[in-house]
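Q: Let me begin by handing over the structure; questions about it come next.
The values are calculated or read from the model by the stated rules, or taken from the named source; none is laboratory data. Here the structure is a predicted model, which means the values were calculated and not measured. Cβ atoms come from the backbone with ideal geometry, glycine included; neighbour counts cover every protein chain shown. Protein only, heavy atoms only, side chains kept; ligands, DNA and RNA dropped before computing areas. Shrake-Rupley method; radii C 1.70, N 1.55, O 1.52, S 1.80 Å.
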Amino acid sequence: MVEKTGGRGPVLLLLHGMGATGDVWLPWAPYLEQRWPGRWLAPDLAGHGWAPALPSYSFEGFAGRIAHGLAAADRLVVLGHSLGGVVGLALAARTAGVPVDAVVGLGIKALWTPAELDRAAEIAARPVSWFASRTEAARRYLRVSGLTGLIPPDAPVVDAGLRQVEGRWRLAMDPAAFAVGAPDLAALVAAVDVPVLLARGEHDPMVTDEQLKEYGAPVATLPGLGHNAHVEDPAAVLALLDAYR
């Protein structure tokens with residue numbers, strides 16, 4: 001878990017997307033130092049990075065594992081990307097018992113076709129792939145996490161997504177996490193009593209403004225950015241949190 005201690009105000013909980021790790025938020029550190037008044041946490045979701053796998057994956061299961069690692073006194077503002085945004089909504093559900101003040105969901109894929117779900121289930125059922133070099137494994141990690149072209153393979157933040165075992169390399173991620181399925185966003189948003197903001201990059205191919213507006217929460221569009229807007233322009237995404245500091 002990446003963490004900054006100290007400061008006043010709510011704890012900012014940063015949740016990464018499918019295939020990534022909490023280290024994807026490390027470039028945010030200087031921006032958070034200047035603009036976030038309290039602590040911030042960037043944990044690995046279950047089955048990602050250094051977080052243990054779950055026996056089976058659900059959005060509530062991801063959220064429960066995160067909740068277990070939080071301090072009882074923490075009040076949270078959650079910013080989650082893609083899968084992390086869905087987990088943030090599950091964490092903020094009125095029945096979850098977690099003190100969440102607000103949720104910003106960035107780049108949540110709202111609609112899934114049967115073919116997309118079948119493809120995800122196929123990936124989840126595959127055995128772990130092994131690679132002869134870190135470079136090969138890093139390139140696969142960047143493809144799986146959707147970060148190709150945004151982070152170079154030799155970047156230190158990639159290391160948390162890789163494991164070396166007896167001279168071979170693999171992704172740290174449990175492939176079975178891909179079987180989590182499609183979120184019921186309408187139900188998830190309806191189960192939350194705190195402010196929810198749904199955001200997307202203008203050029204995000206995974207979700208449209210029109211799709212997000214179906215859920216009754218405010219929608220923010222970030223000009224010029226794509227699915228990984230938090231990697232492309234941390235300052236622009238961090239500005240979405242100004243109302244919740």
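Q: Can you compute 3J(HN,Hα) from phi for each residue in region 72-78, using the Karplus curve 6.51 cos²θ - 1.76 cosθ + 1.60 with θ = phi - 60°, rounded to whole Hz and x for Gly and Pro?
A: Residue by residue, region 72-78 yields 4, 8, 5, 9, 10, 10, 10 Hz.
Q: Quick check: from the Cα gyration tensor, does region 108-179 come out rounded (a/c under 1.5), prolate or oblate?
A: Values: a/c = 2.79, a/b = 1.53, b/c = 1.83.
In terms of gyration-tensor shape, oblate.
Q: Another question, then. So how tilted is helix 59-68 from the main axis of the chain? Cα-based, degrees 0 to 90, rounded to 10.
A: Once rounded, one gets 80 degrees.
Q: When DSSP assigns beta bridges and you keep just the ones with both residues in the chain, what percent turn out antiparallel, to the nearest 5? Show your work: numbers first, answer last.
A: On the way: 9 of 30 bridges.
Bridges in the chain are about 30 percent antiparallel.
Q: Can you classify region 54-109 as rounded, prolate or oblate using the Cα gyration tensor, where a ≥ b ≥ c are the square roots of its eigenvalues, rounded means a/c under 1.5, and otherwise it's prolate if a/b beats b/c and oblate if not? Write out the running numbers ahead of the final one.
A: Numbers: a/c = 1.91, a/b = 1.10, b/c = 1.73.
Judged from the Cα gyration tensor, region 54-109 comes out oblate (a/c at least 1.5, b/c at or above a/b).
Q: On the protein heavy atoms, probe 1.4 angstrom, tell me the percent of accessible surface of region 167-236 carried by carbon and sulfur. Write out the running numbers ahead of the final one.
A: Numbers: 1660 of 3060 Å².
Within region 167-236, the accessible surface is 54 percent carbon and sulfur.
Q: Quick one: grab the alpha carbon gyration tensor of region 166-233, order the square roots of its eigenvalues as a ≥ b ≥ c, and give me rounded if a/c is under 1.5, else prolate or oblate depending on whether a/b is larger than b/c.
A: Numbers: a/c = 2.70, a/b = 1.51, b/c = 1.78.
It is oblate, given that a/c is not under 1.5 and a/b is not larger than b/c.
Q: For the ranges 209-222, 188-201, what's the packing order if you count other beta-carbon atoms within 10 Å of each residue, average per peptide, and put the highest first?
A: Details: 209-222: 15.7, 188-201: 20.1.
In decreasing order of mean packing, 209-222, 188-201 become 188-201, 209-222.
Q: Over region 94-143, with every protein chain in place, what whole percent of the accessible area is carbon and sulfur at 1.4 Å, could you tell me? Show your work: numbers first, answer last.
A: On the way: 1530 of 2780 Å².
Answer for region 94-143: carbon and sulfur cover 55 percent of the accessible area.
Q: Then there is this: May I ask for the angle, rounded to the nearest 10°, between helix 83-92 and the longest principal axis of the chain, with both axes built from Cα atoms and the value confined to 0 to 90°?
A: Its long axis makes an angle of about 40 degrees.
Q: Taking only DSSP H segments of four or more residues, each worth -39500 (n - 2.57), what value at 222 nm results for the chain once the sum is divided by all its residues, to the nearest 500 deg cm²/dmol?
A: Working: 9 runs with 69 residues, N = 245.
Dividing the helical sum by the residues of the chain leaves -7500 deg cm²/dmol.
Q: Let me ask something else about it. How much length is gained if the chain between A124 and Q34 is pulled fully straight, taking 0.36 nm per residue apart and subtracting their Cα-Cα distance, in nm to one decimal? Provide the component values of the computation, followed by the final result.
A: On the way: separation 90, 0.36 × 90 = 32.40 nm, distance 3.99 nm.
Using 0.36 nm per residue and subtracting the Cα-Cα distance, I get 28.4 nm.
Q: Now a separate question. Per residue, how much accessible area does the chain have with a 1.4 Å probe, in Å²?
A: Numbers: 10980 Å² over 245 residues.
Here the per-residue accessible area is 45 Å².
Q: Report, to the nearest 10°, how far helix 134-144 tilts away from the longest principal axis of the Cα atoms in the chain, using its own Cα long axis and a range of 0 to 90°.
A: Relative to the chain, helix 134-144 is tipped by roughly 40 degrees.
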